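Any read-out appearing in this document is the output of simple, stated calculations on the displayed coordinates, not a laboratory observation. Predicted, not measured: the structure shown is a model, and the values here were computed from it. Every residue, glycine among them, receives a Cβ derived from its backbone with ideal geometry; neighbour counts consider all protein chains shown.
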Amino acid sequence: MNLRLARLHHPVTTLGPGRRIGIWVQGCGIGCPGCVARDTWVAGPQHDIAVADVLAWCAAHADGTTGVTITGGEPSEQPAALGELVHGLRALDDDWDVLCYTGVEWDEFRRRCPEAYPGIDALITGPFRITEPTDLLWRGSANQRLIPCSERGEQRFGEWANAERERPELQLQVDDERVWMIGIPGRGDLARVQRALRDQGIELEGVSWRP
């Protein structure tokens, strides 16, 4: 089975606790205004990759990994592939926790993804709303909820459900002349990132959060 994939990153330390694998799926029909990942909206055959190949990449980056974050894009638009991916992650290391971002609400995600849901430890639900800024940890707008979905989820995510971030938490990774921003930007963070890069002689020709 194929997954429409945008990119993979490791280690990710800004989208969930610990040292994580980050999986960005490709394709999103929600299209929230102000989304920082517009580059993941439109999917085509060029984004198809076998779920088995994604799992092999994860296995190669397992050392020191404590969990996996799946985001995008909208994971619930690929329910069968998401189910196979989650089950495969469980087979790789049952101690990993799986956190999944979705732009739909909890009950809608469960309806869309009945195979994937039992293997997910926590969901961050709801569309991004640019008019509802927040300082909640790992979330972009105040309407979004962090919901533990398993016993492991309660243990690893329960204490963070209403936690606020103490400082901006963004990672930057450079790959093939692209600069990837990993994390949830707060108010003014994107402009600060661009200024900081400009001070280092790096001028961004295009950014994912503008058309």
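Charging the Cβ of each Asp and Glu at -1 and of each Lys and Arg at +1, and nothing else, the dipole of the range 111-166 about its Cα centre rounds to 280 debye.
A cut-off of 5 Å between modelled amide H atoms, ignoring neighbours fewer than 5 places along the same chain, links Asp97 with Gly67, Val68. At full extension, Asp63 and Glu159 could sit 32.0 nm farther apart than now, given 0.36 nm per residue minus the alpha carbon distance.
Basic side chains Lys and Arg get +1 at the Cβ, acidic Asp and Glu get -1 at the Cβ, and with that the dipole of the range 2-168 about its Cα centre reaches some 380 debye. With q set to 0.20 Å⁻¹, the log10 of I(q)/I(0) for the range 2-168, from the Debye formula over equal scatterers at the Cα positions, is -1.48. Tell me whether the range 1-82 comes out rounded, prolate or oblate; compute the Cα gyration tensor, take square roots of the eigenvalues as a ≥ b ≥ c, and use a/c under 1.5 as the rounded threshold. It is oblate, given that a/c is not under 1.5 and a/b is not larger than b/c. With both residues required to sit in the range 2-168, DSSP beta bridges show an antiparallel share near 50%. Put +1 on the Cβ of each Lys and Arg and -1 on the Cβ of each Asp and Glu in the range 18-165; which of Ala91, Gly34, Leu136 then has its Cα farthest toward the positive end of the dipole? The one lying farthest along the dipole's positive direction is Gly34.
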